[in-house]
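Asks: Dumping the structure here so I can ask a few things about it.
The values are calculated or read from the model by the stated rules, or taken from the named source; none is laboratory data. The structure presented is a predicted model; accordingly, all values stated were derived computationally and were not measured. Virtual Cβ from ideal backbone geometry, glycine too; neighbours counted across all protein chains shown.
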Amino acid sequence: MFKTYADMLLEEAQRQKNDLYKGNALLSIMRYYYSKNPDSLRFYLKQAEPIYLATNRIEDLCRVKGWNIYTLVLGGTHDQVLGEVESLKELAVRYNYPEGVDMANQALANFYFNIGLKDEGADLCDEILQGMEKRGVSRIRRFYLLRLLLNEKPKQEYLFKLDTCIRNCEKEGITQLDEEHSLPFLKHAFYLYSAQYYVEQKESSQVHFYLQKLGELEKQYNMNTERIMTQFLWMSYYNLIRDYDKALAIVEQLEHILLNNKRFNDWTTVEDIKADIYYKMGRGMESAKAYRDSKAVHDSIIQAQYYEDLAKLRTQREVDKLKLQSKELELDAEKSRARSWVFGGGAIVLLLLCGALGFLAYSRHRYSARLKIAKEKAEEADHLKSAFLANMNHEIRTPLNAIVGFSQVIAEEGDIETRREFAKIIQNNNELLQRLIEDVLDISKIESNTLTFVLTDQDLQALMKDLYSIMSLRIPENVELQLDDCPRFTLRTDRNRLTQVLANLLNNAIKHTHEGYIRFGYKVAAGEICFYVADTGEGIPEDQLEHVFDRFVKLTEWTTGVGLGLAISKALVTKLGGRMEVCSKQGEGSTFSVIFPV
């Protein structure tokens with residue numbers, strides 16, 4: 001029913017084109033698929049990501065990306081985990097959301113625990129927890145991290161932190177931490193983890209104390225919780241105090257429940273405890289039977305897991321071959337029962353050998369593919385670097401030649417007017433060289449992702465008037481600069497970078513407009529704000545429109561500048577979450593647009 005209502009909400013939100021409700025519906029659907037179908041979760045995540053970015057719902061996006069990492073770990077897709085963790089960190093840093101970095105590190109710690117790096121996982125969790133405490137992060141977020149640590153191995157220091165959290169909530173009168181978690185929920189977790197801790201310490205009195213507290217809490221708040229863990233702890237308690245009859249009674253209940261729920265790993269643990277209890281009671285035959293049953297199921301689980309892992313490492317053709325070999329071995333075994341044990345041992349060795357060979361072949365294939373891709377990328381990068389350096393060499397040499405040449409002849413020139421003309425040429429080329437260096441630095445910062453943005457609320461009317469005042473000083477005599485009437489509007493953006501983009505567009509218009517007008521301003525439409533710069537200049541040929549935002553692109557060889565301005569402008573706008581568009585007709589002028597979602 002929950003999924004049905006979420007689908008209905010998504011359908012209605014799409015019909016109304018309402019991104020808020022669409023984002024809410026997708027969050028509900030992804031929450032539903034989180035534990036049921038990870039592939040569906042990832043399908044809807046692709047739809048939700050652009051919506052959350054456009055509506056600045058970074059917290060929801062980080063949370064869902066964290067869910068995705070947990071499903072990758074649970075599904076054994078370990079080769080994708082580190083890449084997704086780094087992607088989540090990059091997103092959180094880009095949008096200045098430190099809690100997102102915590103989510104990524106917490107998912108990474110869970111990955112460490114899952115692959116057996118217990119100490120590394122615990123160290124990372126401690127580091128995250130210290131950072132949370134310094135920043136005063138909400139108690140429920142700290143509880144998630146403590147729960148991850150306590151699930152791996154309850155420790156007294158973590159229990160103390162959880163107990164302190166509960167006591168502070170009681171002092172402040174807090175009963176509800178968020179929509180899903182209440183103070184009794186935290187107490188229930190504390191009592192449960194405390195009982196687990198004291199079972200490991202073999203302190204039966206403390207185990208009994210916290211189990212009694214747990215029962216009283218569940219009865220007081222009528223909690224409908226899973227009883228398996230509680231029964232397991234009571235069984236461990238009775239085993240500690242040597243009340244074996246009560247322990248065995250709980251064992252029988254747990255066996256039935258765990259088999260019905262297909263929790264075979266937990267069932268084998270209970271069977272091992274049952275065997276140990278029988279042994280302590282002097283009932284050797286029953287202890288041996290319980291141990292034998294446990295090992296048989298455990299071996300079946302290991303074998304099933306082995307075949308599952310093996311299947312992931314081979315192609316379908318190899319799997320078919322192994323199945324055929326298995327059938328042939330079974331047929332031979334039926335024909336010769338006397339040699340079944342010897343032949344069975346040979347089949348196992350052969351199977352392991354085939355698995356090892358398949359794994360090695362698959363590993364070499366993947367390594368070769370990665371090496372080929374890396375080689376192609378390196379060659380491409382080297383080619384791009386060479387082209388870039390060649391362009392830079394040409395572009396830097398042009399103003400330098402003018403500066404050096406005219407600097408030599410200016411000293412020998414006697415006519416004052418000619419000297420002034422030479423000085424003007426030197427000054428213009430100095431400015432060109434300085435602009436080239438600034439553009440290259442901007443390109444470098446953009447590519448290395450070190451460009452910083454300071455987002456503040458900006459009065460766009462005032463910004464456009466300032467820009468008009470600056471640019472009007474550069475307008476030629478036969479060109480009129482026009483600022484359209486703009487509605488009063490406040491936009492959260494980086495003032496310097498937005499001014500840099502618009503100034504680049506206006507400078508380009510000035511260079512290519514010899515008569516007529518240059519008009520600029522902005523319009524606010526449904527969900528978007530559009531800045532524009534229109535001119536009556538030379539225009540752009542149709543075959544060059546799609547390359548106009550590339551680096552070092554100039555319409556003619558006589559065009560001044562280095563051809564980096566539009567490439568930098570587009571990169572800055574993209575970093576700020578917007579897009580750029582251009583429409584032009586040769587001989588009639590051009591219009592450049594910068595569009596941001598509101």
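Asks: Return only the number of the condition from (1) at pLDDT below 90; (2) surrounded by 12 or more Cβ atoms within 10 Å (Cβ to Cβ); (3) of a type outside the set (A, V, I, L, M) that PHE489 does not satisfy.
Replies: (1)
Asks: Based on this model, can you work out whether GLY527 counts as of a type in the set (Gly, Ala, Ser), in contact (Cβ under 8 Å) with a residue 12 or more places away in the chain and buried (at least 18 other Cβ atoms within 10 Å of the Cβ)?
Replies: It is false that GLY527 is of a type in the set (Gly, Ala, Ser), in contact (Cβ under 8 Å) with a residue 12 or more places away in the chain and buried (at least 18 other Cβ atoms within 10 Å of the Cβ).
Asks: In addition: If I ask for residues that are within 41 Å of the chain's Cα centre (by Cα) and not acidic (Asp, Glu), which ones from the range 222-235 would you list?
Replies: ASN222, MET223, ASN224, THR225, ARG227, ILE228, MET229, THR230, GLN231, PHE232, LEU233
Asks: Within the set of pairs 6 or more residues apart or between chains, which connect a residue that is at positive phi and hydrophobic (A, V, I, L, M, F, W, C) inside the range 70-95 to a residue that is modelled with pLDDT under 95 and not in a helix (DSSP H, G or I) with Cβ atoms less than 8 Å apart?
Replies: none
Asks: Moving on to the next point. Of the conditions (1) under 40 Å from the mean Cα position of the chain (by Cα); (2) part of a helix (DSSP H, G or I); (3) modelled with pLDDT of 65 or more, ALA387 fails just one. Which one is it?
Replies: All conditions pass for ALA387, except number (3).
Asks: So which of LYS213, LYS202 ends up being surrounded by fewer than 18 Cβ atoms within 10 Å (Cβ to Cβ), of a type in the set (D, E, K, R) and in contact with a Phe, Trp or Tyr (Cβ under 9 Å, 6 or more places away or on another chain)?
Replies: Result: LYS213 is the single residue among LYS213, LYS202 that is surrounded by fewer than 18 Cβ atoms within 10 Å (Cβ to Cβ), of a type in the set (D, E, K, R) and in contact with a Phe, Trp or Tyr (Cβ under 9 Å, 6 or more places away or on another chain).
Asks: Restricting to the range 256-294, name every residue that is in a helix (DSSP H, G or I), under 41 Å from the mean Cα position of the chain (by Cα) and of a type in the set (D, E, K, R).
Replies: Scanning the range 256-294 gives a single hit, ASP266.
Asks: Identify all residues within the range 138-180 that are under 20 Å from GLU59 (Cα atoms) and either in a helix (DSSP H, G or I) or touching a helix residue (DSSP H, G or I) at 6+ places or on another chain (Cβ under 7 Å) (or both); write none if there are none.
Replies: ARG139, ILE140, ARG141, ARG142, PHE143, TYR144, LEU145, LEU177, ASP178
Asks: Can you give me the number of residues within the range 34-60 that are surrounded by 15 or more Cβ atoms within 10 Å (Cβ to Cβ), more than 24 Å from LEU576 (Cβ to Cβ), at pLDDT 90 or above and aromatic (Phe, Trp, Tyr)?
Replies: 1
Asks: For the range 215-240, which residues satisfy the criterion of being of a type in the set (Asp, Glu) and either within 12 Å of LEU192 (Cα to Cα) or in contact with a strand residue (DSSP E or B) (Cβ under 8 Å, 6 or more places away or on another chain) (or both)?
Replies: Answer for the range 215-240, where residues must be of a type in the set (Asp, Glu) and either within 12 Å of LEU192 (Cα to Cα) or in contact with a strand residue (DSSP E or B) (Cβ under 8 Å, 6 or more places away or on another chain) (or both): GLU218, GLU226.
Asks: Sticking with this one: Consider the range 31-82. How many of its residues are part of a loop (DSSP other than H, G, I, E, B) and farther than 30 Å from LEU491 by Cβ?
Replies: The qualifying residues number 5.
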